[in-house]
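Heads up, the thing below is written out as C-alpha cells.
What follows is calculated from the coordinates using simple rules that are stated; it is not laboratory data. Note that the coordinates shown come from a computational prediction; the quantities given were computed from them, not determined experimentally. Methodologically, a virtual Cβ is constructed for each residue, glycine included, from the backbone with ideal geometry; neighbour enumeration extends over all protein chains shown.
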Amino acid sequence: MEPDGYTDYLWNKTSDGKEQGEVLHEKRSYIQITVTTAAEGTEIYDGMNYPTFPVVPLYGIEKQSELEGRQELIDCYDLIESGFANTVEEASYIYWAIQNADGMRDIDLAKFVEKVKTLHVALARAGNGASAEPHSIEAPYASRTSLLNELREALFYSFKAFDAKQIQSSGAVIAQIDAAYEALDQKASEYEDNIYDFLSGILAITGIEDTPTITRSKISNTGEQIQNVLQAADHLTDDYVTKKILTLLGDGDLADEI
C-alpha cells in the first residue's frame, strides 16, 4: 500500500522453504470506477485516489526504533538477571581442600567426593597429616541486586516509561502520581499527534464531521479526587457534584442517568 495506490502480491514457498513473491495485480487506484456490460462483464475504466492517505506510522522521537541506543542496557539487565539462577546453583556447591594428598589421582578425588556425598564423612588416615576441609561459595547477591536496580531505573528513564514503584505508597498524592506519569505523558503526546492525523483522515474519507479525542488511562488517588470535589461543592451544582463522584467511583452509567 502506497499513497498513490496498492499492488497485489502472491507469495509462495519454494522447494528450499523460502518465500518468493510475484505481482498478482499491478498497482491500481484505491477508488475504482467500473462499467458492467452483458457482453464483456465488469471492467475497470478509471480510478482515483483519496485526497490523503490515512495510514501514518507511529514514529519514535527520532523516527527510529526505540531499541536504538538502548539495546546495551537491556542486554546488561538480562545478563545479570539470568546470572542469578546460575549463582543460586553455584552457591549450593561445596568444594573440598585436601592437604597432604598429592598422590591422589583425579579418579581418587572423584571417589572421595562421591563417598562424602553418600556417607557425609571425610576419612583421613592418622599419622600422614592428611586433612580435608569443606568450603562453600558465597553468592554476590547484594552487588547484583544493586546493579539490577540501577539498570532498572535507567531503563525506565531511557524509555520514558511509567514506573509504578514510584507511587507504591498507598498515600501517594495526585501531584506525585502526575510527576511519575510526566515522562510517559510527553512520549504519548508525540505519538498522539500521529494518531490524531490518522483518525482525522478516516473521518474525512467517511464524511463524518467530528473531532477525535483520546483518553488516557492512569492510576489515580480516588479518595483525594473526591475530597477535592467536595471541597469545591459550595461553588458547584448538586447534580455536577453527584455525577463527578459517581464517575470517579467508576459508576459512569449511573451518573449518566442523573
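Summary of computed values
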{"quantity": "Rounded FRET efficiency, nearest 0.05, which uses the C-beta distance separating D46 from E22 and R0 of 22 Å", "calculated": "0.25"}
{"quantity": "Gain on full stretching of the segment that runs from K160 to I31 - 0.36 nm per residue minus C-alpha separation", "calculated": "42.3 nm"}
{"quantity": "25 Å Cα-Cα reach of K160 towards lysines, excluding residues that sit fewer than 8 places from it in its own chain", "calculated": "K63, K187, K218"}
{"quantity": "Aspartates and glutamates whose Cα lies under 20 Å from that of K27, excluding same-chain neighbours fewer than 8 positions away", "calculated": "E2, D4, D8, E43, D46"}
{"quantity": "Residues L79 and K115, FRET efficiency given R0 of 41 Å [Cβ-Cβ distance, rounded to 0.05]", "calculated": "0.65"}
